[in-house]
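In what follows, a structure is listed as structure tokens, so that the remarks can point back to it.
Values in this text are rule-based calculations from the coordinates and carry no lab data. Everything quoted here is computed from the prediction, not taken from an experiment. Don't worry about glycine lacking a Cβ; one is built from the backbone with ideal geometry, like all the others, and counts go over all protein chains shown.
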Amino acid sequence: MKYIICVLFMLISGCSTVVPVTVKFPEAPSKLQTICPQLEKLKDEAKLSDVSKTITINYSTYYECAVKVDSWIEWYQVHKLIFEGIK
Amino acid sequence: MWLLNFLPDWVFYVVGSVGLIGLFLSYLLQFIPIPSINIYKIPIQLVSIVLIVFATYMFGGIANEEQWNARVEEVEAKVAMAEVESVKQNVQILEKVVKKTEYITRKGEEVIQYVDREIVKYDSSCVIPKEFIKAHNDATELNK
């Protein structure tokens, strides 16, 4: 029994410990983490200038949101390359 | 190897040396013509061999541990570099977003100024039908 305990003790001495390297998930810019706003609507009694303004505002909203989406794509591609560089 | 975390490396070198010395001494025992001492020859040899085997095993463990520690340090350095690079790229992306958003806002304001200056002249002459307003407002809710 004593010998078995000694042999077991020797064998478990080979047990490995956990590798202490952790990679933190990269933080994205907070400006990219805001949701796109809803488009503006026309009032019932809207004039031509109101229509033009609302359409302009909505186009601006679309393009601002498109910038965010494009930036997310760029962020993903850049960080994928960085992550692959760690291996 | 967890055992290496509790004991310093030199302990295993001492164990190995004790094993070798024990083995050597056990061979010397045959030259001593005293039977009461000679009976310890086999046990000393056995214990020495066990110590040598254990120490050899642990030498391998030490070498392996050193190799892994070097690898860990290398990966840690890469991770640190990646984190710095990530922050740098985030700043660049954020600058681009801010620049592009400011440009869009400025262009939008210019168009609205143009509307206030030119399009308002046609407000009284151009009646917007309710159907147009409905079509526009429905289009703003395509995602609902």
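For chain B, rounded, prolate or oblate, judged on the Cα gyration tensor with a ≥ b ≥ c (square roots of eigenvalues), a/c < 1.5 rounded, else prolate if a/b > b/c?
Since a/c reaches 1.5 and a/b is larger than b/c, the shape of chain B is classed as prolate.
Rounded to the nearest 20 Debye, what is the dipole magnitude of the protein assembly as shown about its Cα centre when Lys and Arg each give +1 and Asp and Glu each give -1 at the C-beta?
400 debye
What is the Cα convex hull volume of the protein assembly as shown when expressed per residue in Å³?
So the per-residue Cα hull volume is 153 Å³.
Run the reach check for A:Lys47 against lysines, Cα to Cα strictly under 30 Å, same-chain hits fewer than 8 apart removed. What comes back?
In chain and number order, the partners are B:Lys107, B:Lys121, B:Lys130, B:Lys134, B:Lys144.
Quick one: length gained pulling B:Asn38 to B:Tyr57 fully straight, 0.36 nm per residue minus the C-alpha distance?
Going from the current span to full extension adds 3.9 nm.
Return the average number of partner chain Cβ atoms within 10 angstrom of each residue Cβ along peptide B:29-36.
Averaged over the peptide's residues, the number is 0.
Using R₀ = 25 Å, calculate the FRET efficiency as 1/(1 + (r/R₀)^6) where r is the Cβ-Cβ separation of B:Tyr103 and A:Ile55; round to 0.05.
Efficiency, from the Cβ-Cβ distance: 0.85.
Quick one: Cα centre-to-centre distance for the range B:117-133 and the range B:63-104, in angstrom?
First find each Cα centre; the distance between them is then 54 Å.
Against the longest principal axis of chain B, how steep is helix B:130-139, in degrees 0 to 90 to the nearest 10, with axes from Cα atoms?
For B:130-139 against chain B, the angle is about 10 degrees.
Can you give the average number of partner chain beta-carbon atoms within 10 Å of each beta-carbon in peptide B:67-79, as a whole number?
Mean shielding count: 3.
List the aspartates and glutamates whose Cα lies under 15 Å from the Cα of B:Lys99, skipping any in the same chain that are fewer than 8 positions away.
A:Glu64, A:Asp70
So how far apart, in nm, are the two label points at A:Lys87 and B:Val84 if each is 7 Å from Cα heading toward Cβ?
Spacing of the two 7 Å Cα→Cβ label points: 2.4 nm.
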